[in-house]
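*Asks:* Starting off with a structure, shown below.
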Amino acid sequence: MESTISMSKRKKNRKKRNQQLRKEQQQSSSASSSYYKSHYNFSNEREDVDEWLIRSTALILGEDETQQEEECSIKSGLPSQCASMQEYLYHARSVMKAWTHWNSRNTLGYRRDARLTVEVIFKRVLYVITHEETTTADAAEISELRPMLVSLVNIIIDAWANGNDVNEEAVAHTEGWLHFLQTGEMMDEIEEEKSLVVIGPDEESYRGVVKAYIRTQKRIYLEKALTLLEEMSSSSNHPNTIYPSTLTYNLVLYGLANAQPSSKKNAEIAENLLQKKMISSSEGEDCVPDSNSFRQVISAWTKTGSRYAIEKTDEILNQILNDFPNIDPDASTFNAIMTLNLRLGRVEDAISVFNKMVGMHESGRIGTQPDIYSVNLLLKAMTRQRQHNQRQNLNEADDLVKIMEDTYHVHPDVQSFNIVIDAWSKSKLPEAVSRAERLLDVMERRCRDDSLAAKPDSYTFTSVLDSIARSEHSFHRAEKVFHRIEKLFQDGIVERPTIPVYNAYLNALVSSGDVDVLDRVESIFANMITERNANIRSYNTMLKAYSQFRSGRNGYFSRPLKAEELLTKVSGPGKM
């Protein structure tokens, strides 16, 4: 009687522990690692984590890690450190998660690849269960272990799907492990060694395989992902139906949106999945579209670059606004639509999309707040508006750069300034140079006051110098800007002036038309050649200089002769 009570109590305890294990499956790998490190009294130093990982792996496998690979022995049964099968499985899962977390690391030259290591660990676990647990537990108790076993296989699938290089081999491994869950057959085993347990996959198992397909970025695997998705969603009459979740659908939508080359067919397939499989399906709450679902479909359409895509994106955006009040399309969704409008020259429509985003945010849909990329697209649109309002448009863009922090709660970056400086530079308005220089003043002042502020780059400097070249200012103005650039470099605020900056400087000097500047231009050009900073544009600028300066103290004929000499140097013998 006591024996029966003891056995019943043991079964209850085991069942309770299994329930606890299933709950613990939701914990992150970092939490598991923290537990294991504290269990073995390891610190957070990398070497100690590596040592813990190798020692723990050897414990799970029953190996002696001090032996060489060819001498390594495998002990039978549970490790002596594990009091129960449940504790053994918990440790195995912790170690497998740790291996996937450090997948890209070469852990102390350990002899196995991380992805292969988690496979070996699981095979060892399966061996222990089928050779040890069956002698002490009935089939019902083994069945209770299946959720844990599925989670272990999912770790393997994720390890291959999340690797740095997802190729045909990685895909083959994910497919093989999905096949194992479905049939109990391992891809490298003969029939006689077939597993005694058919575990059965869950939705996460399928999702891992789909992720591997998508990450290969190959059309053939995108088609496989679509096929697998169709198999899952069309098996509604199966007693153990596994419906695709929103996460799985979003992976496929992402694959369609980023497939190369982009096509209308990809966009149509993506929209069909969204409208017919997610919105109109009866697969339950796990298949409800979210903001990412709509974003990927809109992205797929915008990448087609067609005018028809604008109609589709407007239609989908209005669907979100009218039918899904709990979904806030994020800034990247609006950015994709604005980018398409700008690409097609629909400047006013791009501004309208931005205003719609701001209106939604002001109405309480906080997820629609513009980001810096949104504001930069608005700046591009403002600077490309109709020419008869050019001065007003540029003034408004100029003001927006200065007030965007207060208005849209984003800090202007270097692209924000460059967009407006470049627009002033190309405007040919009489105040263009002074306005471009004024924005450069703002950037420099911010950089000197705040090291994290947007720093001028090569494009900033070339735009300011180009504005001088397009005006009728003397060469002294270009020299002043370039000396300012050199001072910023000496103060460690900006990078060393690049070849394009030197070329823009040369061009600004030459464009001044001042005869006295030629000696200065020749000196700069000679220095560029010495430091190997000259390119074909530099030579062309010098040829332009010699063609313009035909008088001076060196005489009328010196410049054409120098132009001919320079042309000979740049073309070389036999290259004319």
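The values are calculated or read from the model by the stated rules, or taken from the named source; none is laboratory data. Treat the numbers as computed from the prediction; the structure is a model and nothing was measured. So basically every Cβ, Gly included, is an ideal-geometry build from the backbone, and we count neighbours across all protein chains shown. Note: areas computed on protein heavy atoms with side chains; ligands, DNA, RNA excluded. Shrake-Rupley method; radii C 1.70, N 1.55, O 1.52, S 1.80 Å.
*Asks:* All but one of (1) surrounded by fewer than 14 Cβ atoms within 10 Å (Cβ to Cβ); (2) closer than 18 Å to residue 418 by Cα; (3) within 32 Å of the chain's Cα centre (by Cα) hold for residue 448; which doesn't?
*Replies:* The failed condition is (2).
*Asks:* Quick check on the stretch 354-369: of everything there that is more than 13 Å from residue 291 (Cβ to Cβ) and of a type in the set (D, E, K, R), which residue is nearest to the chain's Cα centre (by Cα)?
*Replies:* 356
*Asks:* What are the pairs with Cβ atoms under 9 angstrom where one residue, in the stretch 122-138, is hydroxyl-bearing (Ser, Thr, Tyr) and the other, located anywhere, is modelled with pLDDT under 70 and assigned to a helix (DSSP H, G or I)? Sequence gap at least six, or different chains.
*Replies:* What qualifies is 130/142; 134/142.
*Asks:* Kindly indicate whether any position in the stretch 290-298 is open to solvent by 10 Å² or more (accessible area, probe 1.4 Å) and not in a helix (DSSP H, G or I).
*Replies:* Yes, because at least one residue in the stretch 290-298 is open to solvent by 10 Å² or more (accessible area, probe 1.4 Å) and not in a helix (DSSP H, G or I).
*Asks:* Quick check: is even one residue across the stretch 367-377 of a type in the set (Asp, Glu) and within 24 Å of residue 266 (Cα to Cα)?
*Replies:* Scanning the stretch 367-377 turns up no residue that is of a type in the set (Asp, Glu) and within 24 Å of residue 266 (Cα to Cα).
*Asks:* Please find, among 308, 373, the residue that is closer than 27 Å to residue 263 by Cα, part of a helix (DSSP H, G or I), modelled with pLDDT of 95 or more and open to solvent by 10 Å² or more (accessible area, probe 1.4 Å).
*Replies:* 373
*Asks:* Collect the residues in the stretch 477-495 that are open to solvent by less than 10 Å² (accessible area, probe 1.4 Å) and either over 18 Å from residue 454 (Cα atoms) or in contact (Cβ under 8 Å) with a residue 40 or more places away in the chain (or both), keeping them in residue-number order. Outline the logic, then answer.
*Replies:* Of the residues in the stretch 477-495, the ones open to solvent by less than 10 Å² (accessible area, probe 1.4 Å) are 478, 481-482, 485, 488.
Within the stretch 477-495, 478, 481, 482, 488 qualify.
*Asks:* Here's something else I'd like to know. Residues that are on the phi > 0 side of the Ramachandran plot and open to solvent by 40 Å² or more (accessible area, probe 1.4 Å): does the stretch 386-406 have at least one?
*Replies:* No - not one qualifying residue is present in the stretch 386-406.
*Asks:* Let me ask you something else. Do the conditions hold for residue 247, that is, is it among the aliphatic types (A, V, I, L, M), touching a helix residue (DSSP H, G or I) at 6+ places or on another chain (Cβ under 8 Å), open to solvent by 60 Å² or more (accessible area, probe 1.4 Å) and part of a helix (DSSP H, G or I)?
*Replies:* yes
*Asks:* Tell me, yes or no, whether the stretch 321-334 has at least one residue that is under 26 Å from residue 390 (Cα atoms), not in a loop (DSSP other than H, G, I, E, B) and not polar (S, T, N, Q).
*Replies:* yes
*Asks:* Sticking with this structure for a sec: Among the residues of the stretch 335-365, write down those that are modelled with pLDDT of 90 or more, assigned to a loop (DSSP other than H, G, I, E, B) and surrounded by fewer than 17 Cβ atoms within 10 Å (Cβ to Cβ).
*Replies:* 344, 345
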